[in-house]
Amino acid sequence: MEDAKPNPLKRVWNPPNPYLSQYRDWLGEPPVAQLEVYEEDAKMILSHNDSPDVGFRWSVNPYRGCFHACAYCYARPTHEYLGYGAGTDFERKIVAKRNAPQLLAAAFRRPKWAGERIVFSGVTDCYQPLEAVWSLTRGCLQVCRDFRNPVGLITKSLLVRRDVDVLRDLAREAQAHVFMSIAFLDESVVRAIEPGTPTIPGQSHLNFK
């Protein structure tokens, strides 16, 4: 897999945000959607899920928004809580939770934490391109390794290979599972529906043993 290049012609477009009282539309052609990265000192990092349809109770989202820009992503409306849009804002206004590893370590130190498996991630891809620079996912995985806490990873990116060393240690001390999502094999379909995901030139293999 190779990282996809951003589409320079993608224009700003967002559906009306139901949490805002006003909606403004462009009179002319909207501008190109530029990548904007915001830093956040989050208050918590563990998200609790009690849905019987989801196979895990705890998740970690080091980022808000996702550059992969999958058209079908169910997480798009979560960006509206920030006052952004669920369209190109979700793909180009990315929030990095810069204190994510520190928050995770603090959560694991609490006496009530029972060492349950945590999953990366529920509403973003933890290995979207920004992770190559910010390394928030890697930092969180190192915390999981140090606390011997089981982990599950869901991603579309082979950037996960960078962290094989940490995942190998985790697999020995606790548990570590990686789930790769490849929705389409036709590259033209991928670029239309998942424009920010990696290109798939052929079969690739991961081995953490």
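Summary table
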{"read-out": "Any hit, the range 40-63, residues being in contact with a helix residue (DSSP H, G or I) (Cβ under 8 Å, 6 or more places away or on another chain) and over 30 Å from Val143 (Cα atoms)", "value": "no"}
{"read-out": "Single residue of Ser121, Ser157 found to be touching a residue at least 12 places away in the same chain (Cβ under 8 Å), under 20 Å from Asn49 (Cα atoms), within 12 Å of the chain's Cα centre (by Cα) and crowded, with 18+ Cβ neighbours inside 10 Å", "value": "Ser121"}
{"read-out": "Test for Tyr19: is it surrounded by 13 or more Cβ atoms within 10 Å (Cβ to Cβ) and touching a helix residue (DSSP H, G or I) at 6+ places or on another chain (Cβ under 8 Å)", "value": "no"}
{"read-out": "Qualifying residue in the range 38-48 (condition: part of a loop (DSSP other than H, G, I, E, B) and among the aromatic types (Phe, Trp, Tyr))", "value": "no"}
{"read-out": "Residue that is surrounded by the fewest Cβ atoms within 10 Å (Cβ to Cβ), among those in the range 1-16 that are at pLDDT below 85 and either of a type in the set (S, T, N, Q) or not in a loop (DSSP other than H, G, I, E, B) (or both)", "value": "Glu2"}
{"read-out": "Single unsatisfied condition, Thr137 versus (1) touching a Pro at 6+ places or on another chain (Cβ under 7 Å); (2) at pLDDT below 95", "value": "(2)"}
{"read-out": "One residue from Arg148, Arg161, Arg172 being basic (Lys, Arg) and assigned to a loop (DSSP other than H, G, I, E, B)", "value": "Arg148"}
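The values are calculated or read from the model by the stated rules, or taken from the named source; none is laboratory data. Just so you know, these numbers come straight off a predicted model, no measurement behind them. Quick reminder, even Gly has a Cβ in these numbers, built from the backbone with ideal geometry, and neighbours come from all protein chains shown.
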